[in-house]
Structure formats: C-alpha cells, structure tokens
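The values are calculated or read from the model by the stated rules, or taken from the named source; none is laboratory data. Keep in mind it's a predicted model, so treat the numbers as computed, not measured. Note that each Cβ is placed from the backbone with ideal geometry, even for glycine, and that neighbours are counted across all protein chains shown. Heads up: the accessible areas ignore ligands, DNA and RNA and are worked out on the full protein's heavy atoms, side chains in. Shrake-Rupley method; radii C 1.70, N 1.55, O 1.52, S 1.80 Å.
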Amino acid sequence: MKKFNKFWLFAVLSIVTLVLAACGSEDEKGAAEDKDSVKEVRIGYFPNMTHIATIVALEKGFYQQQLGDDVTIKTNTFNDGSAFMEAMSTDAIDLGTVGPTPALTSYMKTPKHQIISGAVNGGAVLVVGKDSGINSVKDLAGKTVAIPTFGSTQDIALMKALKEADLKVKSSGGNVNTVKQAPADTAALFVQEQVDAAATQEPWGVNIEKNADAKLLLGPDEFAWGKESTNTVVVAQTDFTSANPETTKKVLKAHAEAVDFINDNPEEAIDLFLKHVKDITGKELSKEEVTESFKRLTPTTDVNEKVLQEMATISKEAGYISKDDIKGFVDLSYLKEATK
C-alpha cells in the first residue's frame, strides 16, 4: 500500500510540475509577444507644416517615451513623396508621414506598405501671380503651374481642380503646363516670372504670397477636396508592422498624442516646428507666415478613404497607375488598438 501511495504521489507531483511549467511558458510567450525584437525605428518625414505631427512627436519626445530607451529612433527628411517612397521601397525607412498619392502610386507597383493613420487634412492651396491675369481656374489655360513633383498629392489636387473647369494638363492632352519645383524654392520662380501659379502645401503657400507678390486663388477650403482632403498620412512597411505589432502601436500612440497636443497647444506647436526646421535645415522661417499657414490645416488621425479613392481614379486617368482599386491600401487596425 505504501509503495502504491508513493507512486501516485509522485505522479501527481509530476503533473503539477508540468502544468506550472506550461503556465510559465505561456506567461513568457505572452511577455515576448508584448515586446518586439526591434531595436531601431527609422522614421521619414518632410520639413513642412503638413508634417507637423511627426515633428512635434520628435520634439516632445513622444516617440521615445512610448518606445523606451532601448529603442533607437533614426530620422530621415525628404523634399517630395517620390524620394520618400523610394527610401521606403529600398528599406531605408520603416514608416513616416507622406502625401497619400505618392504612397498610392508606389503601392500599385509593389504593395509592400499601407496607410496606418491620418496626419493632416487640408493645408494645400493654389496660388497665382498678382499680375498673371488669373482670376479663376479657367484662366490657367495656356499658363504654367509649379507642383512639388509629378504624381504628388498637390499635382493630383490640381488635376481635380482643372477637370472641374474642363481643363487638363499638357501630359494628358490639355494646355496647362506643369513644372516640378521644390516648394521651398517656388517663390523664386514667381519672382523670375517662370511660372504663373503653384499648387503647393503649407507653409509654402503663405511664403509665396508674402515673398513673391502672389495671391490665393483657391484656399484650403476650396482647393480640390478642401477640408475633407487627406493631405498627409502615416505609411509603414507591412514587413515592419507585421513583425513588430506592439512597436507599431506605440509609434501610433505617440503620433496620436502629438496630434492632440498640437490641437490643444497650437502656439507651442508652432514654436516647436520653427525650432525643428531651423535645426535640420539651417533656415529660419517667419513665425508670422507659419502661424498663418497653421490656420489652413487640421492635424488628425482620420483618413478619408472616399477621397483616397478619387485620388486613385485621377491618378489612373493621368497614367500614373494602371488601376485604381485601393483595397488593402489602408489598415487602421493598429491605430484603433493604440487609441482605444
């Protein structure tokens, strides 16, 4: 009987030990899932007002606070969406803020990234020379318009405005000429009378008005989709998000925190923007111009997929992409988890 009892006692103890070990393994597995293996996050953005959420998140340390001191944050700045998307497609950056149409064009060729949050609505304008004789969009016929780059969000917005006035750009068989020019240098083209108008983003719209004797033809409420226009979005490599879901959520939590901070503290946000741009470019922007520019945009995490679909259709008509099916292009699941 004693041998029998000892046998069952040993068996029970063995089972309990196995169960506890299994529970421990599950706990360790859960902890591992909560902590991604990533040690560096590479963020891309533009030194533009429409990228203010990324800039404020960096300046306030929101990214670092969310990711922790063990994760290194590496940043890269770009002048246009084409350069940004090339960097992403060659694995030089993991995520960042960019206009939706460059991201869309790249996605249609190689769907290896997605929009995971909004960043800014509005902030795009159409300005013209005061002595250009342009008083309506119809007057752009035969004129030259500067755009940041071909296929940019402002390029597509211009095409929408022209279409509503029964006009087209020359590359689509129309008589409106477009030339690409870095937004920061566009005012010089006005002064040199090389362009008649510009479809641009802030703060460069105000900059052109103030420094090149230009006027606002279509403001942020009128140009293209107006306030409903998703101008800047957060885009991430799908390889990065799928391998690092917790890190992705932390980045988006910091992004949402920055959006809220900007809306609650606009004056401080503007000061942070001015400081940041000066630190990375060496250029000191006018606070008056930047403050005026800020009024023309809305920081937000929202994404207007209806507008994105229209952008895709216009891009297809322009020959930038071969199809306009945006299924899979937007994934807001990480954002929802981060902000719930």
Residue 122: passes all of (1) crowded, with 23+ Cβ neighbours inside 10 Å; (2) closer than 19 Å to residue 320 by Cβ but (2)
Just to be sure before I move on: is residue 116 β-branched (Val, Ile, Thr) and either closer than 14 Å to residue 236 by Cα or open to solvent by 20 Å² or more (accessible area, probe 1.4 Å) (or both) in the structure I sent?
yes
Just checking, which of 191, 251, 259, 234 is hydrophobic (A, V, I, L, M, F, W, C) and out of contact with any strand residue (DSSP E or B) (no Cβ under 9 Å at 6 or more places or on another chain)?
191
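For a quick check of your reading: which helices (runs of 4 or more DSSP H) sit entirely within the range 221-340 and have at least 2 residues that are small (Gly, Ala, Ser) and under 23 Å from residue 84 (Cα atoms)? Spell out how you get there, then give the answer.
Working: elements: 238-243, 245-264, 266-281, 287-294, 305-317, 333-339.
Helices (runs of 4 or more DSSP H) meeting the threshold: 238-243, 245-264, 305-317.
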Write out, first by first residue and then by second, each pair whose Cβ atoms fall under 6 Å of each other, whose residues are 6+ apart or on separate chains, and whose first residue, in the range 246-262, is closer than 12 Å to residue 63 by Cβ and open to solvent by less than 50 Å² (accessible area, probe 1.4 Å) while the second is at pLDDT below 95 and among the acidic types (Asp, Glu).
247/36
Tally of residues being more than 26 Å from the chain's Cα centre (by Cα) and of a type in the set (Ser, Thr, Tyr) across the range 95-152
3
If I ask for residues that are crowded, with 19+ Cβ neighbours inside 10 Å and of a type outside the set (Ser, Thr, Tyr), which ones from the range 308-317 would you list?
308, 311, 312, 314
